[in-house]
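Beneath this line is the structure, given in C-alpha cells, with notes to follow.
Here, each number is a calculation from the coordinates, and none is a lab measurement. A quick note: this is a predicted structure, and the numbers were derived from the prediction, not measured. Ideal geometry is used to build each Cβ from the backbone, glycine not excepted, and the neighbour counts take in all protein chains shown.
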Amino acid sequence: MNIIQRLGQIMLFGMLMVALPLQAEKLTDLQIESFIASMEELQEKEADFEAAAPDMENGDPASLPSMDTLISDNIKRMKGHVLYDQVDTIVQQHGFEGVEHWGKMGDRILNAYVAANMGAESREVRNEMAETLREIENSPDLTPPQKEQMKNMLGGAVSSLEQMVTAPQEDIEAIKPHMGALHRVLETEENGKRGQ
C-alpha cells in the first residue's frame, strides 16, 4: 500500500469518526425545546438581522445556503459579524455548546419538521420542479448559459428537498410532540420575511 492510499484511508477514518457522533446523537425534548426558545429570543432581534443582511451577502448565487443545512450555512455567513457573537451568547444561554452546535441541531430539527410536514406533498413538489426544469429547457427566451444556471440552481433545490424529506425517522419522531411550537416559531419567522 502506498502512502497516498494510506493517507486516504486515514482521512476517511477521521471524517467518519467526526461524522458518526453528530448523526448518532439523538434529538432530545430538551434540545428541541431549547431550540424553540432560542428561536423565539432571536426573533426579537429580527430588525438587527435585517439591517445586517447586506453586510453578510456576497451576491454570488452559488453561495446561497443549501436548504438542508440552511441554519448552519447562515451561521457560517455571519461569522466575523458582531451578530455572530450575540447569537452565540443567546444559544449558549439556552444550553447549546455554541452557535455551530446550535446550527447543526437546528438543521436537523428543521429538516425533520419539513419532512413531517411534506410527507406526501414532496412527490407533488418534485413533479412541479420537474415541470419547471422542462419549461426552462424549452424556453426560447433564455440563452444556453441562463438555462444552465437556472437548471443548476433548481437542481440544488431538488437535491436539498430530497435530503430534507428524507430526514432520519428518529428525528421526525422526536419533533412530533413539538410540532405546534415549531410551527409557531418557524412560521412566524417565515411570515416575517414575507411581510417585507
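Label sites at ARG134 and LYS147, each approximated as a point 7 angstrom past Cα along Cα to Cβ, lie 1.5 nm apart.
For the pair ARG184 and THR28 in one chain, pulling the backbone fully straight at 0.36 nm per residue adds 54.2 nm over the alpha carbon distance.
Each peptide in 28-41, 170-183, 140-153 was scored by the mean count of other Cβ atoms within 10 Å over its residues; highest first, the order is 28-41, 170-183, 140-153.
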